[in-house]
1. Can you pull out every residue in region 52-79 that is within 16 Å of ligand 2 (Cβ to nearest atom), in contact with an Asp or Glu (Cβ under 9 Å, 6 or more places away or on another chain) and not charged (D, E, K, R)?
2. Please list, ordered by first then second residue, the pairs with beta carbon atoms under 9 Å, 6 or more apart or interchain, first in region 23-47 and within 12 Å of Ile8 (Cα to Cα) and acidic (Asp, Glu), second assigned to a loop (DSSP other than H, G, I, E, B) and within 16 Å of ligand 2 (Cβ to nearest atom).
3. Does region 312-326 hold any residues that are more than 22 Å from Lys297 (Cβ to Cβ), without any contact (Cβ under 8 Å) to a residue 60 or more places away in the chain and not hydroxyl-bearing (Ser, Thr, Tyr), and which are they?
4. Anything in region 97-127 that is closer than 20 Å to Pro293 by Cα and either of a type outside the set (Ser, Thr, Tyr) or not in a helix (DSSP H, G or I) (or both)? List them, or say none.
5. For residues in region 136-151 being in a loop (DSSP other than H, G, I, E, B) and in contact (Cβ under 8 Å) with a residue 12 or more places away in the chain, which is nearest to ligand 1 (Cβ to nearest atom)?
6. If you check every pair at least six apart or on different chains, which have Cβ atoms under 6 Å apart with a residue in region 252-266 that is of a type in the set (S, T, N, Q) first and a residue that is in a strand (DSSP E or B) and surrounded by 15 or more Cβ atoms within 10 Å (Cβ to Cβ) second?
7. Going through region 33-71 one residue at a time, which ones are of a type in the set (Asp, Glu) and surrounded by fewer than 16 Cβ atoms within 10 Å (Cβ to Cβ)?
8. List the pairs whose first member sits in region 272-297 and is at positive phi and in contact (Cβ under 8 Å) with a residue 40 or more places away in the chain, whose second member is within 9 Å of ligand 1 (Cβ to nearest atom) and assigned to a strand (DSSP E or B), and whose Cβ atoms are under 7 Å apart, counting only residues at least 6 apart or on separate chains?
Amino acid sequence: MMQTRVAIIGAGPSGLLLSEILAQQGIESIVLERETRQHVLARIRAGVLEQTTVDVLRRWGLARRLDEQGHVHDGMKIVWAGRNSFFIDVHRHCGKRFTAYGQSRIQEDLYAAADARGAAILHGVRNVRFGSLQGTPARVAFEHEGQAREIECDFIAGCDGFHGVSRPSIPAGNVHVFDKTYPFGWLGVLSETPPLHEIIYANHPRGFALASQRSPSLSRYYIQVPMGTDIAEWPDERFWAELKARFPQELAERIVAGPSIEKSIAPLRSFVAEPMRHGRLFLAGDAAHIVPPTGAKGLNLAVSDIYYLSRALAAFYRDDDDTLLEHYSDTALRRVWHSERTSWYLTRLLHRFPDTSDFDQRMKEYELEYLLSSPHAQAALAEQYAGLPLEGWQ
Ligand code: RFL
Ligand code: PHB
């Protein structure tokens, strides 16, 4: 039997960031992670950080390498077949920038901070389950290194991603799920080749494509593929040819192809579970919501959830005040729904959907036309892409 203040399920960005912010305020936690550390560090996912995310990481002393190595962008480009590409100047429209810095590096930075303070993180845990979520103390049972173990705690933070145990542990009837799947996924390739300088979203009759980056020598590209695509059908040569076919010639000529060092397919989904709390269990990050990656919002939402949750827990322990905890779900969900809407909007605008009528296709083209011609429309998109401010941030 172990005791702690907060049991954190999952050592992804949400879980490790929460344990770090709590530790810096003298609040003890134990993190339980199903996978090995190597496995967590090897996952290639997000790459674009909102200004608010950078601000949170800086405040907690986690941005030293990010500030050195992150590639700061003023905006992103949108291109579509037969038209000129255009730049959405996020900085000009709303004074914010965003930073290309890989999620795997954030994981490394979070682990380095955790190691420096001797954090309690158990890897390879199995069969995590909760006792009653209403009483005090809360209880988490699990297996670790073949032994049955139990933690007694004040609160449980469910930071265990979309496929974790936390959300499904909430008794039926206590969560309202909003779910939308899209009939395609993103095939992503990481390659040790110099990337294009900008982040470029392409809408093409062959499907969506995205050019992104991890460092000056590491590029990240994605193409839309139908749901159920087998990755074995996509050897590198086919990927590069398809990617280039979806960009205008002058950009395609600048794309440097090379062997893939990672290749994976991610399905696209919009999902929200409301509320993000049940009794002593608080959900954060992908455990509570999923966005399609088109708006680059998932990791940024995980960070804003953790900002709100850590602030609420700190107020509880420091001032014996549970007001922020009571409001955690409503506060976090306001930002979640705005980002859900932006991600849904960009997904709809930039992808080719099977069964789109000619009329609907024209409407989309004119939506893009409007975006190209109207500074107001560009300012609105810039504001959404940059992300909303955090409530209560000073
Ligand atoms: P994670 O990262 O999934 O971590 C959850 C952790 O919980 C562990 N776990 C368990 N542990 C114990 N017991 C169990 N039963 C457990 N079940 C699971 C898992 O092993 C894991 O370590 O969730 P978290 O921390 O909430 O972080 C969320 C982000 O990872 C996610 O939102 C982003 O990666 C989404 N995303 C992007 N977000 C952005 O903000 N900007 C982007 O540019 C961006 N690009 C992307 C993305 C996600 C992608 N994929 C693969 C879905 C691009 C892609 C392709
Ligand atoms: C990425 O670099 O992985 C990336 C960039 C922008 C997105 C999604 C993913 O919208």
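The values are calculated or read from the model by the stated rules, or taken from the named source; none is laboratory data. What you see is a predicted model; the values in this text were computed from it and never measured. A quick note on method: Cβ atoms are made from the backbone with ideal geometry, for glycine too, and the neighbour counts reach across all protein chains shown.
1. Val54, Leu66, His73, Gly75, Met76
2. Once the first residue is within 12 Å of Ile8 (Cα to Cα) and acidic (Asp, Glu) and sits in region 23-47, its partners that are assigned to a loop (DSSP other than H, G, I, E, B) and within 16 Å of ligand 2 (Cβ to nearest atom) give Glu33/Gly12.
3. Residues of region 312-326 that are more than 22 Å from Lys297 (Cβ to Cβ), as a first pass: 313-326.
From the residues that got through so far, the ones that are without any contact (Cβ under 8 Å) to a residue 60 or more places away in the chain too are 315-316, 319-326.
Within region 312-326, Ala315, Phe316, Asp319, Asp320, Asp321, Asp322, Leu324, Leu325, Glu326 meet the criteria.
4. First, the residues of region 97-127 that are closer than 20 Å to Pro293 by Cα: 97-107.
Selection gives Arg97, Phe98, Thr99, Ala100, Tyr101, Gly102, Gln103, Arg105, Ile106, Gln107.
5. Taking region 136-151 as the starting set, the residues that turn out to be in a loop (DSSP other than H, G, I, E, B) are 136-137, 145-146.
Filter once more, keeping what is in contact (Cβ under 8 Å) with a residue 12 or more places away in the chain: 136-137, 145.
Details: Thr136: 23, Pro137: 20, Glu145: 14 Å.
Per the criteria, the residue is Glu145.
6. Ser260/Val189; Ser260/Ser191; Ser264/Gly188
7. Keep residues of region 33-71 that are of a type in the set (Asp, Glu), which gives 33, 35, 50, 55, 67-68.
Scanning region 33-71 gives Asp67, Glu68.
8. Close Cβ pairs (under 7 Å, with a partner that is within 9 Å of ligand 1 (Cβ to nearest atom) and assigned to a strand (DSSP E or B)) amount to Ala296/Val48.
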